[in-house]
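The values are calculated or read from the model by the stated rules, or taken from the named source; none is laboratory data. No experiment lies behind these values; they were computed from the predicted model shown. Note: ideal-geometry Cβ built from the backbone for every residue, glycine included; neighbour counts use all protein chains shown.
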Amino acid sequence: MEKIRLSKLMSEQGLCSRREADSYIERGWVLVDGAPVSELGTKIYPTQRITLNRSAQTQQNTQVTILLNKPIAYVSGQAEDGYQPAITLVNAQSRWSGDAAAVRFNPAHLKGIAPAGRLDIDSQGLLVFTQDGRIAKQLIGENSEVDKEYLVRVTGKLVGNGLNMLNHGLSLDGQKLKPAKVTWQNEEQLRFVLREGKKRQIRRMCELVGLKVTGLKRVRIGRVKLGDLPVGQWRYLREDEKF
C-alpha cells in the first residue's frame, strides 16, 4: 500500500481543506493514530486514523458561512473590468433584519472568506461565502453532489426536441454535460436544476436550443434556499442548516 500526503487525505476525508490541513499540521493540531504530527509534507497510509485536536475543532466551530442575494453587476470573486466584488456588500448595515442566526457581525468574519462557487455578473441570487474548507469542498469539489436550482427567463423559439436536449444531450467545450432537470415554470420561464457549473453554462445551453436568457436567478443550493432574503442583503448560515 502506498503512502499519501497527510493534507491530501484530510481533504479527501472532508476534515478540512488542504490549506487548512497544512495550517493545522504546522500547529500540531493533527493526530495520526493518536500521535501528533507537525511536519508539513508528512505521508501516511490511507488506513491510518486521522483526528483533529480540540484547538482545531474550536477554530472550525467559529468559522462562518454567509449567504448573499447577489445583485446584477457584481462579480463573485476578485474585482474585474471595473466591477465590484460581491463581498463588498457584506457589512453590518446590509445584514438582513430577518437573519435568525445568533451571531454578531465581526469584520474578522471576512478574513479568509471566499466564494464557494460563482454567479455570473449578469445573474442574481444565492451566492455562498465561507471560511470553512469543508463547506467549500462540499459545494465546489469536483465530486460535489450538491445541486443548484435556477429560475431562468427566456425569449426565442425552442427547437423541436429542445427540452429533452436541455435535460440530457448537450455538450459544452467538447464535453458532454451531466444530466439536468429542466422544466417550464410558465411561458417565459424555465426551472433548471444542475449539479455542475461550467462558465455561463445555462446561457450557453439555452443558445444551443434556440433560446436567449434575459434573466437568471439562483434560488437554491442543496437544501438551502434563497427564500425572502432581499437583493443586496445577506445572512449567516444557521447551525441547523446543511447544504
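Of note:
Each row is one residue, and each column tells you yes or no for (1) at pLDDT 90 or above; (2) not in a strand (DSSP E or B).
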{"residue": "142", "(1), (2)": "no, yes"}
{"residue": "153", "(1), (2)": "yes, no"}
{"residue": "163", "(1), (2)": "yes, yes"}
{"residue": "166", "(1), (2)": "yes, yes"}
{"residue": "169", "(1), (2)": "no, yes"}
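- Enumeration of residues in region 104-122 that are more than 30 Å from residue 194 (Cβ to Cβ) and either part of a loop (DSSP other than H, G, I, E, B) or acidic (Asp, Glu) (or both): 104, 105, 106, 111
- Checked across region 181-201, the condition of being touching a residue at least 40 places away in the same chain (Cβ under 8 Å), more than 27 Å from residue 133 (Cβ to Cβ) and not assigned by TED's automatic domain parsing to the domain that holds residue 121 holds for at least one residue.
- Odd one out for residue 207, checked against (1) at pLDDT 95 or above; (2) within 17 Å of residue 119 (Cα to Cα); (3) not in a strand (DSSP E or B); (4) not assigned by TED's automatic domain parsing to the domain that holds residue 94: (2)
- Residue identified as modelled with pLDDT of 90 or more, within 30 Å of residue 119 (Cα to Cα) and in a helix (DSSP H, G or I) among 7, 11, 23: 7
- Answer residue from region 210-230, given it is among the basic types (Lys, Arg) and outside any loop (DSSP other than H, G, I, E, B) and is surrounded by the most Cβ atoms within 10 Å (Cβ to Cβ) among those: 218
- The set of residues in region 46-87 being under 14 Å from residue 120 (Cβ atoms) and assigned to a loop (DSSP other than H, G, I, E, B) consists of 71, 72, 73, 76, 77, 81.
- Taking (1) in a loop (DSSP other than H, G, I, E, B); (2) over 30 Å from residue 237 (Cβ atoms) in turn, residue 36 satisfies each apart from (1).
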